[in-house]
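Below is one structure, written out as structure tokens; the observations come after it.
We did not get these values from a lab; they are worked out from the coordinates using the rules stated. Worth saying up front: this structure is predicted, and the values here are computed from it rather than measured. Glycine gets a Cβ as well: all are built from the backbone with ideal geometry, and neighbour counts include every protein chain shown.
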Amino acid sequence: MRRLIIDTETTGLSPRFNKVLTVGLLLVDAKKSQLQILDQNHIFIKHEKYHATKAAMRVNKIDLEQHNLHAIPPTDACNQINSFIEKNILHQSPLVGHNIHFDKGFLSALFEKADMSSKFCHESEDTMRIWRNHQKLGNVPSHLRATLGTLADFFKIDYTKAHDALADCHITAKVYHKMLRM
């Protein structure tokens, strides 16, 4: 079962005002017996104005000066995303993410700014929702929050490199795989 895991790091919480800094793309084959990494890309995006909040930058620990040294314009980033989707034939593959609506909102704003259409499949799976469904079924403790860190801790997945888009994709993929096996 091929899935495209996505994650973004941003300058804040508002897709209309804040910007996407990085996009992680991770193609996996998630079978109950194993999780296989098939391809990945980590895209750094340069903007003229960032509108960064202190809180967001404290969480993602991105130094904008260093970031700008290897970041690319939004149009190039969108082209790279679409090329990844085309190369791996992912037009029909559902997206997976943790709180995926957040990432999809920022990616929509990115593609809108670039005046382009994304090639993402519109179907998606959210590990946060899957977790909450498992809580309702009594499969996992109901008192635990639905953060990626909590899920990683519950499943004994290393979370030390969190808040890096590609690292978060790897964590999300492992969490997703563990929940598939439940």
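Annotations
- For the chain, the longest principal axis of the Cα atoms and the long axis of helix 74-87 meet at an angle of about 40 degrees.
- Helix-only arithmetic for the chain: the sum of -39500 (n - 2.57) across DSSP H runs with n ≥ 4, divided by the residue total, places the mean residue ellipticity at 222 nm at -12500 deg cm²/dmol.
- Spin-label pair Arg2/Leu180, simplified geometry with 7 Å Cα→Cβ offset, distance in nm: 1.4 nm
- Summing Cβ point charges (Lys, Arg +1; Asp, Glu -1) relative to the Cα centre of region 29-162 gives a dipole of roughly 540 debye.
- The long axis of helix 165-180 is offset from the longest Cα principal axis of the chain by roughly 20 degrees.
- With 23 Å as the limit, the listed pairs Lys136/Lys161; Lys61/Lys113; Lys19/Lys161; Lys119/Lys174; Lys46/Lys174; Lys19/Lys61 have Lys136/Lys161; Lys61/Lys113; Lys119/Lys174; Lys46/Lys174 beyond it between alpha carbons.
- Distance (nanometres) between label positions extended 7 Å along Cα→Cβ at Lys32 and Phe155: 1.6 nm
- Computed from backbone phi with θ = phi - 60° and the Karplus coefficients 6.51, -1.76 and 1.60, the 3J(HN,Hα) list for region 145-152 is 5, 9, 7, 4, x, 5, 5, 4 Hz; x is used for glycine and proline.
- Residues whose placed amide H lies under 5 Å from that of Ala52, excluding near-sequence neighbours: none
- GNM top mover of Thr53, Thr172, Thr11 - the chain, alpha-carbon springs below 10 Å: Thr53
- Take 104-116, 64-76, 24-36 and order them by the average number of nearby Cβ atoms within 10 Å per residue, most first; the result is 104-116, 24-36, 64-76.
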